[in-house]
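The structure appears right after this line, and notes come after that.
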Amino acid sequence: MQCIPNSLLKTEDVRILEITLPPHSREEMHTDAWAAIAYVDQPAQVRHFTPDHPPAAQPTSATGVIRIQPEGLHADENFSDTPIHLFRIELKHALQEQSGTVSPVVN
């Protein structure tokens, strides 16, 4: 099974995707051109792949909102027994942060 992105909205300013990554599946290598806010409503354990580094296991994702910076070539693998499900809101004109690629949104 593969990652299932569903484009819900696309404008000059934003793109909203609904993404499901089934259990024990890996998405194709891709880039993310824009900063994004993601709302994860079904978490899972994920391994992150890049061409230059061995896969890195990420902590089990939590439900909630995270901020994601643009990223070069990469892929994620869901090695859980449950699917991961999220909504990704890509901000095409957002200013980029200099530190890290993923950070929680704090109220």
Worksheet item: Restricting attention to segment 12-34, which residues are farther than 25 Å from P51 by Cα, within 14 Å of the chain's Cα centre (by Cα) and aliphatic (A, V, I, L, M)?
Response: I16
Worksheet item: Would you say T50 is exposed (fewer than 15 other Cβ atoms within 10 Å of the Cβ) and more than 13 Å from the chain's Cα centre (by Cα)?
Response: yes
Discussion item. Within segment 43-77, take every residue that is under 24 Å from L8 (Cβ atoms) and in contact with a Pro (Cβ under 6 Å, 6 or more places away or on another chain) and give me the one that is modelled with the highest pLDDT.
Written reply: I66
Discussion item. Considering only segment 86-99, I want to know if a residue exists there that is at pLDDT below 90 and in contact with a Pro (Cβ under 8 Å, 6 or more places away or on another chain).
Written reply: yes
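The values are calculated or read from the model by the stated rules, or taken from the named source; none is laboratory data. Because the structure is a prediction, the values reported are computed rather than measured. In this analysis, Cβ positions are derived from the backbone assuming ideal geometry, glycine residues included, and neighbour counts consider all displayed protein chains.
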